[in-house]
Every structure is written in C-alpha cells, then in structure tokens.
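Comments concern the structure below.
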Amino acid sequence: MSIKRFLGAILCSALMIVPMAGCTKKEEKASKAPETQATESAKTPETQSGEKYKIGVSMPTKTLQRWNQDGDYMKAELEAAGFEVDLQYGANDVATQLSQIENMINSGCKVLVIAAIEGSSLGSVLDMAEAKGIPVIAYDRLLMDSDTVDYYATFDNYMVGTIQGNYIVDTLDLKNAAGPFNIEITAGDPGDNNAQFFYNGAMDVLKPYIESGKLNVVSGQKDFTEVATSEWSTETAQSRAESILSSFYASGTNLDAWLCSNDSTATGVVNALAANYTGKYPIITGQDCDITNVKNMLADKQAMSVFKDTRTLAKQVVKMVSQIVKNETVDVNDTKTYDNRKKVVPTFLCEPVFADKNNYKEILIDSGYYTEDKLK
Ligand code: BGC
C-alpha cells in the first residue's frame, strides 16, 4: 500500500528514527505505520533539511472557470497549511497531464492531488507514484482502473443529478400537471466518471415520467451514449442541440425542458436556442454556477445551476493531505459508492445545493463566492 510506504518514509525522514539510507523499499513496506493517531495540532512535517513538503496538484484545464478556482483555492489553502505547491493544468490533453504528473513525482512531491482529464488514462504515472510510495488523492473526478488511488474527495455527484431532475419535476409540476411535456437531454464527457453519476441521478428522477409518457424526449435520444458530450465542450453541445432543434422543433413544436449536466454544456444549448428556436423558452439546468451561467440565470436564459462550493472541496482535500502527512486518520464519509473497477475508494462527499434566480444572492453573494459586480 502506498500510504503505508509513505508513512514508512515519513517515519524515517521526519521522525528520524532510523537513518534515511535504511529506508529501502522492502523495509518501508515492512515498517507498519503506527496505529496511534497524532494530535490535530501536530505541526505539518518538513523534509530532513527543513524544507516544506511539496504537494503536486494536477488540474484538467484552464478553459473552464471552475478548475481555475479549484486550483487557486487548493494552492492558497495548501500554502496556508505550510506546504509548497506544484500546481499544473493539463490543457485537456492527457499526454500533457501525464508528463506534468511524472515531473511532480520526479521533483519530489510527497502527495499528489489529481483531477483527471480522462479517469482511466493515468495508470502509468499512478504506478510510478505507487513505486515511490506517494499517496494519491483523486480530486472531484475519480481515477479509474487503478488500485493506487488512496482517497477521493468530491461532491455527491448522484445528488447533483437528482437536484437537476427534481428541479424539472417541480417547475413543470409533473406530479400534478397533465402534460405531456417535451424534453431533451445533454450529458457530460464519457471519460469522466462523474458524468454517468450526474446522468443517472437525474434520469432516476425523470424516468418514471418518461416511461408514463408525461415527458416526451422528442429526439428519442436518451441513452447516456447518445447524449454524452466529449470533453464537456460547449461547441459540441451546441452543434448537437442545433441539429436536434432543426430536425425536431423547426415546425413549431414547443420544448419545455433541456436537462444539461453542467454549465459548459448548458451554454451550448442556450447558444443553439438563440439562433434556432422561437417557441416558449425551456427550463435549462446546469451545474457549477459559472459566472456566464449565473448571468444567464438572471437573464432568464438558464433556469438553475447546481452550486458546488469549490472552497469547501479544496479545504477538505487540504485536510486530507495534512492528515496523510501527519499520519492521522483521514476523514471520509463514504466507503461504498465509488468503485473504480479495481477498488472501492474511500471518499469524502461534500454536499451540492441548487441555485436559481431567487436564491443566488444568499448562496453566491452572501457567502462571498462572488461579488455582485462580477455578475453584471
Ligand atoms: C465536474 C463538473 C464540471 C465538469 C466539466 C466534472 O467532473 O464535476 O463540476 O462541470 O467536470 O469540467
């Protein structure tokens, strides 16, 4: 187990119980981590030469607002906790992310925090981390097909979907209204394990209405593979929405709702509607509360977004990092849900909430997430 090996290395370097040279891999593996917990106040360990521990933070892309915020918060929180930070963005290119993580490993990072571009593609560098005893935390997106992932911190991804589905149910009053209503569906990147959770959460809520005919998916496209959006791309979501609108809604059919798994895809749908649809404006869901999308909410172009406070996630992950290096028990609150096909990864789930035009002030402004002028 990489954690055990890592703790073995800490015992050797930070506590200096045995000389560093004595820490061969074999001995590290054999050296059991002490069962006792260090106190909360234990100081963040430093290297033998008194330098700060370096933590590698690998983010997928700078093109979406949220990852910039995640990166900024992670860096600030880690530094405040006494760590040095190597923060890199992978430009949505798996090869770039692989080489950035390899550099982090070779330059002495003690823990890796990774938000993967493609959850299954990082096996080679995860093996390198394992070989060096470097613990790995999957950030927001689960790292798949590897038993080297030690922890996972994210928002409750299934709940994100149920919030979106329930918003549509409530707003169309599906429990009482006769309907039928027309709906279309846009989901996320098939390489991102979260995308399936969002889709499943929403579809579990909406499926009974689709099956009873109260909700009609006019295009007929409802399976995940049909509605997925590679790389969560706004342009891809837009061109699929354009083709659906011109094929199925051009003759004046009304569209009542468009389930979008996140804000970048919702923006694509909003753009497509602007040029290709003149009927009653549909309810559009989203996720992230990106500035563009909150502005669209205020302009009645997007009904809601799911708010995932990235400050909360960053704080939780920094706590995990600190607990790992101090050899404390790591806080998790879910040990069943996140199976990456090699193991069930111990997870800390943060709670998402919905935001719309009516509550955005309380959720986004009063909490200090945005200042009002950013939304003008
Ligand atoms: C995140 C979402 C985000 C999407 C696109 C997902 O993994 O959980 O918050 O909208 O990626 O970046």
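Observations on the model:
- Karplus-based coupling profile of the range 219-229, in residue order and whole Hz: 6, x, 8, 9, 6, 3, 5, 6, 9, 5, 10, with θ = phi - 60° in 6.51 cos²θ - 1.76 cosθ + 1.60 and x standing for Gly or Pro.
- Using a Förster distance of 22 Å, the FRET efficiency for LEU375-ASN68 (Cβ separation, nearest 0.05): 0.80
- Fraction of C-alpha pairs exceeding 13 angstrom in the range 240-286: 50 percent, rounded to a whole number.
- Sites SER124 and ARG311, calculated FRET efficiency, Cβ-Cβ separation with R0 35 Å, nearest 0.05: 0.60
- Shown for PHE354, PHE224: other C-beta atoms within 10 Å of each C-beta, ranked fewest to most, produce the order PHE224, PHE354.
- Look at the Cα gyration tensor of the range 301-355: its axes a ≥ b ≥ c give a/c of at least 1.5 with a/b at or below b/c, and that counts as oblate.
- GLU226-ASN359 pseudo-label distance in nm [points 7 Å out on the Cα-to-Cβ vector]: 3.3 nm
- Applying 1/(1 + (r/R0)^6) with R0 = 35 Å to the Cβ-Cβ distance of THR335 and SER212 gives a FRET efficiency near 0.45.
- Exposed GluC sites (Glu not before Pro) absent - longest run of the chain, DSSP non-H/G/I/E/B, at most 10 other C-beta within 10 Å: 52-376
- Residues whose placed amide H lies under 5 Å from that of PHE181, excluding near-sequence neighbours: LEU215, ASN216
- Gyration tensor (alpha-carbon) shape descriptor, the range 191-242, a/c threshold 1.5: oblate
- Candidates GLY119, THR44, CYS260 compared by Cα position along the dipole of the chain: farthest toward the positive end lies THR44, with charges placed on Cβ.
- Counting DSSP beta bridges with both ends in the range 232-376, the antiparallel % (nearest 5): 65 percent
- Sequence of THR186, THR312, THR347 once ranked by neighbouring C-beta atoms within 10 Å, starting from the fewest: THR312, THR347, THR186
- Considering only the chain, percent of DSSP beta bridges that pair antiparallel, nearest 5: 20 percent
- With 5 Å bins beginning at zero, the pair-distance distribution over Cα atoms of the range 34-128 amounts to 3, 13, 22, 21, 18, 12, 8, 4, 1 %.
- Relative intensity, log₁₀ I(q)/I(0), of the chain from a Debye sum that treats every alpha carbon as a point, q = 0.08 Å⁻¹: -0.45
- Segment ALA250..SER99, full-extension length gain: 49.6 nm, with 0.36 nm per residue of separation and the alpha-carbon distance subtracted.
- Ranking of VAL57, VAL345, VAL332 by neighbouring Cβ atoms within 10 Å, starting from the fewest: VAL332, VAL345, VAL57.
- Ordering LEU273, VAL136, LEU298 by the projection of their Cα atoms onto the charge dipole of the chain, which places +1 on the Cβ of Lys and Arg and -1 on the Cβ of Asp and Glu, puts VAL136 at the extreme positive end.
- Simple spin-label estimate for SER243 and LYS342 in nanometres, 7 Å along Cα-Cβ: 3.5 nm
- Backbone N atoms of the range 344-375 closer than 11 Å to the 7 Å Cα→Cβ label point of ILE291 belong to residues 370-375.
- GNM top mover of MET320, MET74, MET128 - the chain, alpha-carbon springs below 10 Å: MET128
- Cα gyration tensor, the range 54-96 - rounded (a/c under 1.5), prolate or oblate: oblate
- Linear extension gain, ALA80 paired with LYS175, 0.36 nm per residue minus alpha-carbon span: 29.3 nm
- Over 31 Å between alpha carbons, listed pairs LYS214/LYS336; LYS75/LYS132; LYS280/LYS315; LYS175/LYS357: LYS214/LYS336; LYS280/LYS315
Every number in this text was worked out from the coordinates using simple rules, so none of it is lab data. Here the structure is a predicted model, which means the values were calculated and not measured. Please note: Cβ atoms are built from the backbone with ideal geometry, for glycine as well, and neighbour counts cover all protein chains shown.
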